[in-house]
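Below is one structure, written out as structure tokens; the observations come after it.
The values are calculated or read from the model by the stated rules, or taken from the named source; none is laboratory data. Computed from a prediction, not measured in an experiment: that's the story for all the values here. We place every Cβ from the backbone using ideal geometry, glycine too, and count neighbours over all the protein chains shown.
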Amino acid sequence: MPRPAVKFITTPEQWKAISTPVRAEIVEAMRDLAPCPIRDVAKFLQVSPDRLYRHVDVLVDAGFLVRTELRKVGRHAEQVFDLTADDFHLAMDGVAPARGAELLRDTAHLFLKRTGRAIDRAADARAFDLTTAGRNVALVCDYTWLSREQFQQLRELIRAAKQYADDARPKRQGQMYLTLFCATPVPPPARRGRAGKNAAARASSTRGTGNDAEGGATHAPGDGPSRTPRRGTKSRPARGG
């Protein structure tokens, strides 16, 4: 019986179960391998199976994995596991805003760590081809302004890009890639005292005009003074190729 395409996780406790690097990697590996025994996952991740069993139990209890059958291997039998869905989404309805923000932040930090490790491995292995003709890495970071409708359009494009990557996964052809898509609101930096309140008010009154306090900044908010581009000029955000 095929797995459902998506399962919605409805409690913060469930989502917390997957918000560790090891468990996230188990689930990611099983998207390619499952149904399978844990030794197959351990081989894929190049770790000892003993390191994974307690994490697998947590994922079963949280509803991400399910025990399917006992498979006979020689004189022994090994447990086979499968994912309960191809993908998992956190349903934020009913979650307190502060708790939802905490879960989202933890998940983002987890994704960033995984991305950093992948980049480190590629750099150490000299796997990057940075020539114009053969470039095999894309890295872009930009500030922009979007209406709600424009953001929804961007979100659909991100979903389409993810679906494109998901459709290519089962073929297992070419080079393995890690992809990360992100679009986040950027509030004005908090400032202290009366001057800070006035600055925040000015930023709020000009939001969406392209001239608020963060316009064209090439650094993260709070890293230093941001420069607002003059009307008619184009900001130059930091980007990679």
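Mind listing whichever residues of segment 113-165 are in a helix (DSSP H, G or I), touching a residue at least 24 places away in the same chain (Cβ under 8 Å) and closer than 20 Å to Pro185 by Cα?
Phe151, Leu154, Arg155, Ile158
Of the numbered conditions (1) loosely packed, with under 11 Cβ neighbours inside 10 Å; (2) modelled with pLDDT under 90; (3) aromatic (Phe, Trp, Tyr), Tyr164 satisfies every one except a single condition; which is it?
(2)
Do the conditions hold for Thr115, that is, is it polar (S, T, N, Q) and more than 23 Å from Lys7 (Cα to Cα)?
The answer is yes for Thr115.
Restricting to segment 18-36, what's the tally of residues that are touching a strand residue (DSSP E or B) at 6+ places or on another chain (Cβ under 6 Å) and either over 20 Å from Glu78 (Cα atoms) or not hydrophobic (A, V, I, L, M, F, W, C) (or both)?
Summing the residues that are touching a strand residue (DSSP E or B) at 6+ places or on another chain (Cβ under 6 Å) and either over 20 Å from Glu78 (Cα atoms) or not hydrophobic (A, V, I, L, M, F, W, C) (or both) in segment 18-36 gives 1.
Scanning segment 96-117 for residues that are more than 12 Å from the chain's Cα centre (by Cα) and surrounded by 15 or more Cβ atoms within 10 Å (Cβ to Cβ), which turns out nearest to Arg31 (Cα to Cα)?
The residue in question is Leu103.
Among the residues of segment 152-163, is there at least one that is in contact with a helix residue (DSSP H, G or I) (Cβ under 9 Å, 6 or more places away or on another chain) and over 25 Å from Thr11 (Cα atoms)?
Within segment 152-163, none of the residues are in contact with a helix residue (DSSP H, G or I) (Cβ under 9 Å, 6 or more places away or on another chain) and over 25 Å from Thr11 (Cα atoms).
Hand me the list of strands (runs of 3 or more DSSP E) wholly inside segment 12-95 holding 2 or more residues that are touching a residue at least 40 places away in the same chain (Cβ under 8 Å) and buried (at least 17 other Cβ atoms within 10 Å of the Cβ).
Once the strands (runs of 3 or more DSSP E) in segment 12-95 are filtered for at least 2 residues that are touching a residue at least 40 places away in the same chain (Cβ under 8 Å) and buried (at least 17 other Cβ atoms within 10 Å of the Cβ), what remains is 76-83, 87-90.
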